[in-house]
Every structure is written in C-alpha cells, then in structure tokens.
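The values are calculated or read from the model by the stated rules, or taken from the named source; none is laboratory data. Model, not experiment: these values are computed from the prediction. Neighbour counts run over all protein chains shown; Cβ positions are idealised from the backbone, glycine included.
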Amino acid sequence: MANVNVKVNINVSLDPHVQPFWEKGYQDLSVSCMGGPSFEVAEVATLLSPKSKVLDLGCGEGRNALYLASLGCQVTAVDRSEAGIRKLQMIARNSGIQLKTIVADINSFNIEGEFDCIMAHGVLNYLDKPLSRKLISQIKLKTRAGGFNIFTLYIYNEEFPCTNEMKTSHYRNSFLPNELHLLYEDWHEVRYDKYVKWDSHPGIPMHYHPVEKLVSQKPGGDNIGRLVKIPISCLNTISNNLFHGISMGLTEEDVYALIGKPEVVDKMNANGIQFGMSLYNPDRPHPTVEGYTLQLWYYGKYVVYVSNGLVSGKALYYTQPIRIICS
C-alpha cells in the first residue's frame, strides 16, 4: 500500500467562481492532463539517489512526482488542486508507489526540512512578485548543498501574448525575461533554455507557451558540476511553414513523411507506471501507461516531442539546444 498522506492548508485561496482550465482534466480520471515526466527531470534524476528527498511545488496531477517516486525518491507533492492530488493519490495507491501529498496554496506554504531537489513547473507565474521572490529565497535556503532547483516559467510577450485561458487562471506577469537566471547567479547553472512550446491537453486544442526553463545546482556537495552541457547542432533544419504544419497526435511515420527523419534524437525512458500522453485515447481511457518514452527530435532550432510514438509537442528554440550528460 502506498504511503500517501493529505494535509489540507486552510489558506487555499481559489476564486470559487473561476475554475482554472486544468481543473477539468484533473477531475477526469480517464485522462493524463499534462502528459508524462519532463526531460530535464530525468536528466537530474541521474544524480539523485533512491532515498533523495524531493519537493514538487504545484505538482498538478503529479507526473514528475510519480516518476521520481517510482525511482525510490522520497517525494512530497504539493498542489492547491484537490482534484489533482486526488488523482495522484489514486494512481500511487494502485501502483504501490510511496509518496506524500499535500493540498496547499504555495502562496502561503512553509517548506519544512531540507531537500535534494525542489521543483516548480509553470506555477511561480501565479504568485505576485513579492511572494514569488520570498518563495524562491526559501527554496534556495531549504535545498541541500549540491542539490537542484528546477523551474519552468511562462514569459508572454508581444509576439506571443498571454492567452485568455491563462488570464482567467490568475496568471501574474511577475517575471521579466532572464530575471530567474539572475536570481541564480550564485549557483551552478545546469540549464537555462528559452523557447516557445506548442502542446495540447484533453479538451484544450493546441496552444503555445513562451518558456524559460532553469535547472540550477547549489554550490557544495559531491555531485557539483557532474551534469555537463553538450551543445546540440544539426544541419537538417526545416522551414517555419513545415514546422507549423506539425499537429499533435501525428505518428512517427507521419512526421517522417512531412519533414524527414531527424539527424539528432535525445531519448528518455521511464519504466513502470507513469502518466502517459496528454492526448486523449478513446481506445484506452486511462491516465497512465506501463512505461513511458519521450524523444526530442532536433531540426536546427526546431524540436519535435514524440511520446510513446506520437507527437505530443513541438518547440522553437531561442537559445542553443543542449544535452545534459552525467560526467
């Protein structure tokens, strides 16, 4: 039986009249709302021991929390969505995966203890600027020497303005471009990526997110500097028109026919029960899969995400794509 606990923070502050767009997906136990684990989380996992302590702030339905817990990490997953936490609890319990869950608003969440990895994917944007800076300071303090912080931010701009679904979900324009990078100048930078990603979710058509992604390592500890950046370069690029012709759910063969085979491919495998693609499959209405594979296909500055054989996203990079390896 999974060791799954719930602690309800009475300071959860959601407007009951406005439901964020992700809630419908979290409440549907037949879908994976956000897809499987992130590539950069798998990279960091190579330096996390089976007993490493991990804190996932704004875990959603728990795709990264479930993955790291399946590797034996001691994971605490926090989200204000009771539906998201309930889905994660159900899957962890049915799969025999041990983790701890907390229903709480990270606006007022107090981090207790120290962690080897603290991550927050796409949630710091929902905090006002003073609260987000206070939380980041606490995160840095509560990370052990040699430990990691992983963040994904959405930085909308004139070319890619904030969408209505983000506005109605209480998105705050609380970060300037490159600001997160500056907040971590005193740490060892593993990744700092800037790109626009297109993806989709059950019931939500393809849309974009202008992303800034940080993976940073706290000075000290035995593992410092063991994750090394390798620039990715390839000659077979594609046109912008061909890139925008790629739709979600295409098969590998469809992509080959449309834009050709990639010259460079990165791949991650997650064994056991994991959240699957965020594309609803009426032939298999279930949020998880037995084994999850994510491939990144590189075509110059364009990247295609292929999850378990189907296109699950695509990205246009503004920074040099890199591969992270363990030295």
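Residue by residue through segment 239-265, note down the ones that are more than 11 Å from residue 299 (Cα to Cα) and part of a loop (DSSP other than H, G, I, E, B). Correct list: 245, 246, 247, 248, 249, 250.
Considering segment 187-202, the residues that are closer than 15 Å to residue 163 by Cβ and out of contact with any Phe, Trp or Tyr (no Cβ under 6 Å at 6 or more places or on another chain) include one that is surrounded by the most Cβ atoms within 10 Å (Cβ to Cβ), namely 201. Scanning segment 192-238 for residues that are β-branched (Val, Ile, Thr), out of contact with any His (no Cβ under 8 Å at 6 or more places or on another chain), under 29 Å from residue 48 (Cβ atoms) and outside any strand (DSSP E or B) gives a single hit, 232. Within segment 205-221, not a single residue is out of contact with any Phe, Trp or Tyr (no Cβ under 6 Å at 6 or more places or on another chain) and of a type in the set (Ser, Thr, Tyr). For segment 149-198, which positions are charged (D, E, K, R) and closer than 16 Å to residue 133 by Cα? Once the filter is applied, which keeps residues that are charged (D, E, K, R) and closer than 16 Å to residue 133 by Cα, segment 149-198 yields 172, 179, 185, 186. Is one or more of the residues making up segment 153-176 among the hydroxyl-bearing types (Ser, Thr, Tyr), at pLDDT 95 or above, in the same structural domain as residue 208 (by TED's automatic domain parsing) and surrounded by fewer than 13 Cβ atoms within 10 Å (Cβ to Cβ)? Scanning segment 153-176 turns up no residue that is among the hydroxyl-bearing types (Ser, Thr, Tyr), at pLDDT 95 or above, in the same structural domain as residue 208 (by TED's automatic domain parsing) and surrounded by fewer than 13 Cβ atoms within 10 Å (Cβ to Cβ). Selection of first residues in segment 146-161 that are farther than 30 Å from residue 221 by Cα and of second residues that are β-branched (Val, Ile, Thr), restricted to Cβ pairs under 9 Å at least 6 apart or on distinct chains, gives the following pairs, ordered by first then second residue: 154/211; 155/211; 156/163; 159/196; 160/196. No other residue among 56, 116 is touching a strand residue (DSSP E or B) at 6+ places or on another chain (Cβ under 6 Å), more than 17 Å from residue 26 (Cβ to Cβ), among the charged types (D, E, K, R) and buried (at least 18 other Cβ atoms within 10 Å of the Cβ) apart from 116. Restricting 315, 270 to residues that are buried (at least 20 other Cβ atoms within 10 Å of the Cβ), part of a strand (DSSP E or B) and in contact with a helix residue (DSSP H, G or I) (Cβ under 8 Å, 6 or more places away or on another chain) narrows the list to 270.
Checking 182, 135, 99 one by one, the residue that is under 30 Å from residue 310 (Cβ atoms), of a type outside the set (Val, Ile, Thr) and either touching a residue at least 12 places away in the same chain (Cβ under 8 Å) or surrounded by fewer than 16 Cβ atoms within 10 Å (Cβ to Cβ) (or both) is 99 and no other.
Modelled with pLDDT of 95 or more, charged (D, E, K, R) and either touching a Gly at 6+ places or on another chain (Cβ under 9 Å) or not assigned by TED's automatic domain parsing to the domain that holds residue 109 (or both): does that describe residue 133? Against the criterion (modelled with pLDDT of 95 or more, charged (D, E, K, R) and either touching a Gly at 6+ places or on another chain (Cβ under 9 Å) or not assigned by TED's automatic domain parsing to the domain that holds residue 109 (or both)), residue 133 does not qualify. Selection of segment 269-307 for residues being free of Cβ contacts under 8 Å to residues at least 40 places away in the same chain and polar (S, T, N, Q) yields 269, 281, 293, 295.
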